[in-house]
Amino acid sequence: MKSSSRRTFMLTLAATGAAVSATGAFAEARLDEKDPQAAALGYVADSAKADAKRFPKHDNAQLCNGCALWQSKPTDTTGNCALFPGKPVSAKGWCSAWAKKA
């Protein structure tokens, strides 16, 4: 094997490892329902599990991906919310700040 080919291989391997690590770190940053702000707003990753007694006006059809605060594509399974920067939320989630998209 030529040294230039080995060098290219090693650089490619290092870049791939960095990309995999970055992707794993992003996946771990998902919003936790126990996060203080999330808990205060009653966030749940599954709208059907919202506390009906605490939030009597909740409707199971109210999903994060249909909210005015949703900042990702409607078809994404997780996305960004203006209330929780840097912490992806579930598209099927819900919180008490839910507002219908215009």
How far is it, in nm, from the label point at residue 69 to the one at residue 52 when both lie 7 Å from their Cα along the line to the Cβ? 2.4
What percentages make up the Cα-Cα pair-distance distribution of the range 31-102 when the bins are 10 Å wide from 0? 23, 60, 17, 0
Apply the Karplus curve 6.51 cos²θ - 1.76 cosθ + 1.60, θ = phi - 60°, to the phi angles in the range 63-76 and return the couplings in whole Hz, x for Gly and Pro. 10, 3, 6, x, 9, 5, 8, 5, 10, 10, 5, x, 8, 5
Order the peptides 61-70, 76-85 from the highest to the lowest mean number of other Cβ atoms within 10 Å of their residues. 61-70, 76-85
Cα-Cα over 19 Å, subset of 34/57; 73/100; 53/101; 57/100; 49/92; 49/101: 34/57; 53/101; 49/101
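Every number here is computed from the coordinates shown, using simple stated rules; none is lab data. Since the model is a prediction, treat every value here as computed from it, not as a measurement. Methodologically, a virtual Cβ is constructed for each residue, glycine included, from the backbone with ideal geometry; neighbour enumeration extends over all protein chains shown.
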